Each structure stands twice: as structure tokens, then as C-alpha cells.
1. Is chain A rounded, prolate or oblate when judged by the Cα gyration tensor, a ≥ b ≥ c being the square roots of its eigenvalues, rounded requiring a/c under 1.5 and prolate requiring a/b larger than b/c?
2. Sort shortest first the distances from A:Glu359 to its counterpart in every other copy, using label points 7 Å along the Cα-to-beta-carbon line, and give them in nm.
3. List residues of the stretch A:227-248, by number, whose backbone nitrogen lies under 18 Å from a label position 7 Å along Cα→C-beta of A:Asp133.
4. Under 1.5 on a/c is rounded, so check that first for the stretch B:91-345, then, if it is not, pick prolate when a/b is larger than b/c and oblate when it is not; a ≥ b ≥ c are the square roots of the alpha carbon gyration tensor eigenvalues.
5. Counting other Cβ atoms within 10 Å, which GluC sites (Glu not before Pro) in the stretch A:50-112 have at most 16 and lie in a DSSP loop?
6. Any idea what the A:Gly190 label distances to the other copies are, label 7 Å down the Cα→Cβ vector, nm, shortest first?
7. Compute the accessible area per residue over chain B, keeping the other protein chains in place, probe 1.4 Å, unit Å².
8. Please compute the contact order of chain B in relative form: average sequence separation of alpha-carbon pairs under 8 Å and at least six residues apart, divided by the residue count, as a percent.
Number of protein chains: 2
Amino acid sequence: MVILDQSFPNVITVVISSFSYQPRYTNCSLKIQQDESGHCSNVPRNLNMQKLQNRYLFPEISMREQAHLRKYPNEKIISLGIGDTTEPVPEVITSRMADFTSSLSTDKGYRGYGPEIGSKELRKAISKIIYGDMPIKESEIFISDGAQCDISRIQLLLGGEVTTAVQDPSFPAYVDSSVIIGRAGDIEEGTGKYQNIEYMKCLPENNFFPDLSTTPKTHVIFFCSPNNPTGHAASYQQLEQLVHFARKNGSIIVYDSAYSSYITDDSPKSIFEIPGAREVAIEVSSYSKFAGFTGIRLGWTVVPDTLLYANGFPVIHDYDRIVCTCFNGASRISQEGGLACLSPAGFEGLNSRINYYMENARILVQTFNSIGLTAYGGVNAPYVWVHFPGSSSWDVFAAILEDTHIITVPGCGFGPGGEEYIRFSAFGNRKSITEASTRLKNFFKRRNHCSSPEPCL
Amino acid sequence: MVILDQSFPNVITVVISSFSYQPRYTNCSLKIQQDESGHCSNVPRNLNMQKLQNRYLFPEISMREQAHLRKYPNEKIISLGIGDTTEPVPEVITSRMADFTSSLSTDKGYRGYGPEIGSKELRKAISKIIYGDMPIKESEIFISDGAQCDISRIQLLLGGEVTTAVQDPSFPAYVDSSVIIGRAGDIEEGTGKYQNIEYMKCLPENNFFPDLSTTPKTHVIFFCSPNNPTGHAASYQQLEQLVHFARKNGSIIVYDSAYSSYITDDSPKSIFEIPGAREVAIEVSSYSKFAGFTGIRLGWTVVPDTLLYANGFPVIHDYDRIVCTCFNGASRISQEGGLACLSPAGFEGLNSRINYYMENARILVQTFNSIGLTAYGGVNAPYVWVHFPGSSSWDVFAAILEDTHIITVPGCGFGPGGEEYIRFSAFGNRKSITEASTRLKNFFKRRNHCSSPEPCL
């Protein structure tokens, strides 16, 4: 079995990722001696950056993909890795964006800066169409260039002095940006967890929901539903418990609903469906997966004006200040597209794409069931979360890539709780998905009958 | 003379801006007593946010504009305030963006996520066309959604533990984002300066360049040339001094060249024209003013791989990590436009817009000269910086707005060194600029003959 070494030796930038373990330049004057033209600044490296132990997950996977391509230049790689949309945007949406873009070359149609917080029209449309009966006002919606960027702005908002809990596993940007803003201690060698960050295990054994009776109180709770990577959508009862827990402890929930449009059952699509959430939650959401806008960049964040700091100051005012100072608005072209998405025709077109990806998810789930592997998710989210008991997830990632030329995501990339799991993305065109299904079935059939002294997966 | 009160009483959100002086909710339990439905979190307000004394400058001006419009609903306001482009984008650029956008609805043309750091093609084009002979590699260029956003990412990169110097006056985002990241002490009542931030006065008396022999050593130096707001472009000799100063002190210069395309003399357009800059500078730049992309959002940052922290670690690796974790790439549509801007036809079209704005600047400079006011800038930048000796700049702002219905920017919004000055933006169509010129001439003619006991401006 070919296994890529976990210290990533086969990528060019190995020095970067392993720097914190084996500093090459421990002393600048040393370097100057070696190289007369050398000059080091006197600026200390930001200790928070130094704490980040690994490269960001997705660029790492992308580099492994490149390495694999160099090794097998004639093989067709199928990506079930990074959750990237593949199906065209409905024409009703692109044509509105294209028309708007063309009008920018006319005297009448040209537009300069928009409001930093986004156009009133789009904020209104999101309030009305996405939030409907929920008590979310247009003035509480901040348009952005995407959820990942908003998470980092929320970290700037709350600062480095507060405590944080995250689901384990979860989207790595929550932990990484918490480290960058200065909230984390060092990483613990044995557990792979950062000190001062509370990891709330969310796995099949607890129905993907933390045991709140034993969860310590923190200032901030990152919670993503439907969850990336497990695909689990929290139920109404679970979210009620979460809101109650946050109210009791005075916590702020940062709720990521980027995948809410994939929910097929009656799970809540927004934390604001839960009574009492307006006083404890910020919601981050995105057009990326909802509308295939991963490359177009558009998202939004809701900060209710009833969410208050301990001293009674409204959080929304500080968030407005962050957005105006550290951001300058989403592209007006993307915002125009965002409006078209919310039109009846736009919505209909997007729903057909979402159904398409969810059919892919069903195919993947069936594939794993037929192999005899336990697969979760795929019902309320475009991710399938597969258990490989006893195996390292980077090992499984490497073995699958080596044999089937399929890119996946190792579960441990989402936190220590993701070890032994692999996330398969259901984004892709049908032909790729069925081809992937065939390759996976063949691979695991062979593995199940292998006679190697190494453990079969 | 009508003067708007500096504590901004005529805008709705006065509670926000004056919060840090007169807390309305000093205690959450108090509020809960007042309002049974109230709930405060236990999350302390971020002390850094609490230190920000005023609202961000440009939204503040926009609110004053709205208030003025309510007072004079029939007057035609002319904005020489926020530096926002007004002239259409050349068709050769919008058509490429529109074509790309349309192709997103086709199987062949659809694109999802791009690299977080931007497309290779665009990075290559910027390296070749913008940096030409300068030693800047494509791999050192990070495409972004604009300079203001990059400044905040650079603040995340460098963290809260380093010391900072800024030009005074300068673009307010440098100071404000330094406060947000935790580098500043409290504001000093008398001077209006934040403690721990070094304000380097750059005014006519020192040819808009700090006396470096008396400037204290700091880790980071923000330097903008052509400067916003003064319009001064630093000379080659001045930048040589700056690079020498940074090398001597081990500082990192964060150089903002967002207005470099407006330089008409032989002043450097990039810090990297100066030998030795690669070891001491990061350069932030933008398509906003260069290409009228203020609403389209595109910029870039150069981090040379020879820029090292005190321990020898390359800054570029941490910046890459910040971009991958806290950002998800500029819109692909904007990037496509960015490529078209760098084509010969795109460049030619943009140059004609730049010349148009610079003709506006000449008209404004002549206007002030004819009035007998001293005006700076307007030669290498689309800003004219006018001195009103002995007057408060908010007073002058208010008086001009009240009488001429022209929006400007009070110099003190750019730092205490901007007091007594007003920034006039040369962005606007010619008709507005000539109309503004007439209104200003009439206003100041009347003022110069006024008999009021209040001082004439």
C-alpha cells in the first residue's frame, strides 16, 4: 500500500509546513553570515501564526493532487475532495450579471463604491426570501464575499481574549482563525488539539450533537449545520438545546448555515427558527453552495440588533465598524447575481442543481453501503462521511488516491474527531460520480480480498 | 455660519459614535430590569473595538450627506468627498467580464473556486506589466478584493504585539485597523492620537515627508504614495531614505501604491523601484482608482520572498496562510476584468480616464489659486489638499456643505495632522467639477467680504 508520509515530504514547500518543528533559520545573523545579501527585519514573527501547526487543509490537498498528477500524468483524476460546485449557473442569473457588467461601460449604468454592508435591495431580498417569517430585518444583514471571509471578520470583532468551542469535526477555518486571532494555546502533541479551544465531539455515537451537560461554558460556540464535514443537520430539538445552553451561559453562537439549502427533511435551515436565538446568535451564510458562486464570491452574515455584549453594547454596531474598516463591500456584479438567484426563476434553476448534487450523494451512499462501509450524511448535505474503523484518515486518503485516482478529504483535517473518517463530496457531474462509484467498488472489493500482511482498510 | 456639531448630533446613530464617552448600558442586569425580554451575553466587548473613538470616516460623511439631503431635498449635491470613480469602464474590459460571466452558465465555461491567491494568469500579467523590470515574481503577488481588505489581512499577519508608524495625515484604515488588532493604547484627549502609534507628520513644511532623523524606530511603517489625502508623491530620494531607514531599523514598510497610476512626473510608482526594498517592504495596490473598479473589487499585494522576520522565517509563507484561511479569492469575474485592464486596449482606455480626472484636478487647483487659497496635490494624484489656516476642518466641511451643497472630506478625518485642511476629490464628471468650481468661487468670494463677527474662513 502506498502511503504518503504525513509530514508531506513530496511537496515543494515542505520547509513551510514543518518550520515550527525544525526551524531552518533559527537566527537571522546566521543567515546573513551565510549569504551576504541577506537582511532580516527586526519584526518578530506573530506568535499566533507560529502556533499554526499545519498548512491550511485545502491547499495541502491541492498540492498532493498536483504531486499525484506528476506521478500519473495520464490518469484521469476525479475530485470528490474540496466541496466545489461543478454545474453551470442558471442562465437567468448569469445574464443579469452580464447585463449589469456591460452597463458599467455606459454613462448611465456605471456604478462606483456600493455600501460596505451591501446593497439595500439585496439585503431586503435576503430578509424577505431567505428569512421569510423569521424576525430578521434587512438592517441586520451584512453582504459579504463569502462565509470564510466573514468568519475571519467575526474573529476580528470578538478579539483574542474570549474562549471558543468548536464542533469536532468541523470546517478548519473556525479553529485556524481562532488561533490566528490569538485565542489558542499550543497544540497538544498527543491529542492534536489546541489548548484553550473546546472541541465538542459530534459523531455517530452522540447523534452528531455534543453532550451539553458536560460541555464547558465558553464565550463563543462555532456551530455548523448541516455540518461540514459530517453532513448532519441538527434537528429542531438539538438546536433548541443549543440556544438554551448559550442563553444559560451567556455564550454567542456563530452559526454557519452555508449548506442549509441542501436540507431535505424538516431540520431548521436557520438558527433564527429557534425562539430566543436572536439574543445569542450570529449567522454566517453563503451563495457558494446554494448557487454555485464559489468563484463568484457572495455571502452574508446576520447580526441581530438584540445580541448584546456583557456590558449591554449591541454587537451589531461593532460588526458594522469591522465591515466598514476591514472590508469594502462585495463585488456589485456578484450582488446583482445574488438578486437574480432569489427571483422565482433563479430559485427554480438553483433547486434543480441542488437536487442533482443530492442525487450524486445518494449514489455515493449506495456505493458505500454496497461495499459494506458505514456512510453518514448525504441526506441533508452534499457530503458523505464514511467510517474506516482503525485506519488513519491520511492513510485511507493516500490509498484511495493511489489506487483510484480519486481525491477525497481525510477526516482528521477537520479536527481530531475526524480521524478514521473520509469526507466524500457529492459535487461533480454525474458521469464522474458514477465513474468514481465504479472505481471505489472495485478498489474496496480487491482490498477486502487482499492477502497483504498490511492491514486491509 | 452653520456648523455641524462635531459630536454628530444630527445622525440617527449618535449613540454608537458617542458610546465610549457616555455608555447608555453600563450594566446588563440594569437593562434586563428595564425590559423583561432583554438578555445580555456574558461575552465582554472587545477592548480594541472599544478604543475606536469615532465612526469610520466615510460612512460618517455619508450620513451627514443624507442629513443635508433631508434638509435641502431640492438641492443638487456635488460629491468631492469619498474618492469614488465616476467614469464608465472601457468597453473592452466590461465585455471580457460579461463574456466570462455568460460562459458560467455553460458546461464548458463554468468555473468554481479559483486559487485563494488569485489566478496564475493575472498574477503573471501584473508581474510583467505593472512591475516590468522590477524584481517581482508572479509567486510574490496575491490577488485580492481590494487594498483596504488587504491592509486588514496584513494586520492579522503581523498581529497585535508590534509597533506601528503612520503618516499623518493618512488613509484612516491604517490607524483604525491597527487599533482593532490591538496595537494601540487609548486615545490622548488633547492630541487626538492613539498611544503606541507613531504619527509621522507629512505636511507642506517638511515637503510631505517625515524627518526620519527624529522618527522613532517601529516594527511597521505604513506609507502611502501618492498620498491619500495630500496627493503628494514621494520622490525617488525620499523613498531611498525611507528604505534606508527601514533597513537600518529592521522595520517592515507597508507601502500603499493604490494611486500610482496617477503619477505624472518621475516619482516612483512602486517601492520596489528602490534598491533594497525587497527585504523591507510589502506593497498593497488596487484596481479601484486605476481602473474604476471601486464597485467591482480587485487589488493585489506583493510580499517578496526575501522579506524575513527577525528569526529568518519568510513573511510570504505566513501571508499565504492568512490569505488561504481568512479569504477565498477575489471574484473570478473581477479577475477576468483585471486581465483585460492590462491589455494594450484596456490600458489605453484607462489612461484616458486617468487623464480626464487629472484635468479635473487641474481645474480644482486653479479654482483654489484664483480664490487665494493654498492648494497642494492634484499633480500626481486625484486629490487636492487645501489649507484653511486657523479653521477647524469639520467647521469648513460643514460651512462648504451648507452653502455650496458640496461634499468634501475634513482633513482631521485623516489624522490630527489634517486639521485646518480639506481634501477635495477630483473624481467626478467634468460638468460637476466646473459647477463645483463656480459654487466654490462664489462662496469664497462672499466669505472674503463677509461682515459677520464670526471669522471668515
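1. It comes out rounded by the Cα gyration axes.
2. Distances between equivalent label points, in nm: 5.8.
3. A:236-237, A:240
4. Note, shape of the stretch B:91-345 comes out prolate.
5. A:Glu75
6. Copy-to-copy label distances at A:Gly190, shortest first: 5.8 nm.
7. Value returned for chain B: 36 Å² of accessible area per residue.
8. Across chain B, relative contact order equals 20 percent.
The values are calculated or read from the model by the stated rules, or taken from the named source; none is laboratory data. Values in this document were obtained by computation on a predicted structure and should not be read as measured data. Cβ coordinates were reconstructed from backbone atoms using ideal geometry, including for glycine residues, and neighbour counts include every protein chain displayed. Heads up: the accessible areas ignore ligands, DNA and RNA and are worked out on the full protein's heavy atoms, side chains in. Shrake-Rupley method; radii C 1.70, N 1.55, O 1.52, S 1.80 Å.
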